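Below is one structure, written out as structure tokens, with a few remarks after it.
The values are calculated or read from the model by the stated rules, or taken from the named source; none is laboratory data. These numbers were taken from a predicted model, which means no experiment stands behind them. Quick reminder, even Gly has a Cβ in these numbers, built from the backbone with ideal geometry, and neighbours come from all protein chains shown.
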Amino acid sequence: MRNRPADLKANPRKPAGKRRGRPSDARSKKKSHNSPGTRNPAKAEQSVRQDRKPIARRAGDRPSERAPLVLETPAQEGYALLDTGDGEKMERYGPFRIVRPEAQALWPRSRPSAEWETADAVFTGDTDEDGVGRWHFPDKPTGEAWPMRLAGVDFLARLTSFRHVGVFPEQTAHWQWMRERIEESRRPVKVLNLFGYTGVASLVAADAGAEVTHVDASKKAIGWARENQALAGLEDRPVRWICDDATKFINREIRRGNRYDIILTDPPKFGRGPDGEVWQLFDDLPHMLDACRTLLSTDPFGLVLTAYSIRASFYSIHELMRETMRGAGGCVESGELIIREEARDIKLSTSLFSRWVPA
């Protein structure tokens with residue numbers, strides 16, 4: 001959503017500063033190695049490909065469109081983008097200032113070098129596309145985990161070996177939209193969160209009053225999400241934590257006749273399920289979206305797709321969403337999620353998104 005939490009790896013001997021190689025699309029790894037392994041990867045891949053039945057063209061007009069649309073995440077109590085530039089970004093997560101690679105930060109920095117050099121944690125090490133890294137602590141280690149609060153819920157942040165901390169603040173724009181739909185509905189609402197990672201979106205939905213089904217292929221991520229549920233004080237809320245391959249799960253849900261009012265899906269570019277099932281975004285996304293449409297209730301609030309670390313225009317997923325929702329009416333809103341830098345009027349693009357909403 002973006003790999004899974006790893007043990008904290010301090011590297012106090014390695015100095016902060018410039019690192020060779022371009023910053024990797026590390027968020028794509030948050031779900032790209034989410035399996036403990038498979039006894040027969042070739043068989044697992046074949047079984048998933050057999051699930052890709054031809055998609056029948058849906059009848060009716062395409063939904064209206066609103067694009068390009070830019071959804072902005074401003075600075076808030078739990079998070080701020082402090083400064084960007086020279087291929088890096090400095091952010092505040094709760095009480096800590098964290099420096100990580102950012103390939104899109106092509107411009108110079110704004111804040112003095114001394115401020116960057118005294119950050120609480122700096123991601124260093126291997127920045128290859130498939131590499132992992134370590135964290136350097138200029139002063140003292142921050143600790144394995146720390147509490148945070150965003151979008152009205154508490155959760156745990158952690159430094160992982162793939163430079164993530166367990167939450168993606170740019171998603172706040174979708175979370176706020178979802179919370180408003182649920183709280184204004186005055187009826188029971190069922191939410192499905194696919195590739196749900198550490199569960200912050202699921203907890204926002206549960207806190208707003210929804211019944212939530214959270215699906216992720218990583219047992220470690222599910223465990224982290226359960227920790228977050230306890231910290232948020234939402235253990236009494238109806239949340240199903242399911243460790244499963246997303247494609248297999250939604251196909252079973254269709255056969256069972258289950259339906260959802262809101263579906264969130266934040267798939268990786270590449271991933272593996274618990275039994276080695278292979279996910280390839282450009283191969284599997286059309287089939288997944290088509291299945292998600294079938295899973296929508298008769299009176300839904302929306303279907304939300306975000307995509308990170310792909311070489312594509314948002315129009316690619318925008319047109320896919322409009323074709324998927326042909327005949328359903330409503331509107332498809334697509335564009336980019338951005339975060340505005342605190343130091344100056346610079347906007348950092350983080351993800352592409354497409355969202356279908358009823359009329």
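Each row is one residue, and each column tells you yes or no for (1) of a type in the set (D, E, K, R); (2) surrounded by 22 or more Cβ atoms within 10 Å (Cβ to Cβ).
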{"residue": "Tyr260", "(1), (2)": "no, yes"}
{"residue": "Gly276", "(1), (2)": "no, no"}
{"residue": "Arg293", "(1), (2)": "yes, no"}
{"residue": "Ala312", "(1), (2)": "no, no"}
{"residue": "Ser316", "(1), (2)": "no, no"}
{"residue": "Gly327", "(1), (2)": "no, no"}
(request) Kindly indicate whether any position in segment 191-210 is surrounded by fewer than 23 Cβ atoms within 10 Å (Cβ to Cβ) and farther than 21 Å from Pro358 by Cα. (result) yes
(request) For Ile263, state whether it is under 25 Å from Gly199 (Cβ atoms), among the aliphatic types (A, V, I, L, M) and in contact with a Lys or Arg (Cβ under 8 Å, 6 or more places away or on another chain). (result) no
(request) Give the residues of segment 263-307 that are under 23 Å from Arg179 (Cα atoms) and within 16 Å of the chain's Cα centre (by Cα), sorted by residue number. (result) Ile263, Leu264, Thr265, Asp266, Pro267, Leu303, Val304, Leu305, Thr306, Ala307
(message) Report every pair of residues separated by at least 6 positions or lying on different chains whose Cβ atoms are under 9 Å apart, first residue within segment 234-255 and of a type in the set (Lys, Arg), second in a strand (DSSP E or B).
(response) Arg237/Glu211; Arg237/Val212; Arg240/Glu211; Arg240/Val212; Arg240/Thr213; Arg240/His214; Arg240/Val215
(request) Could you tell me which of the residues Ala328, Ala307 is at pLDDT below 95 and among the aliphatic types (A, V, I, L, M)? (result) Ala307
(request) Tell me which residues, restricted to segment 182-194, are of a type outside the set (Asp, Glu) and over 23 Å from Gly257 (Cβ atoms). (result) Arg186
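Counting just the residues of segment 49-71 that are charged (D, E, K, R) and at pLDDT 90 or above, which one comes out surrounded by the fewest Cβ atoms within 10 Å (Cβ to Cβ)?
Only one residue tops the list, namely Asp61.
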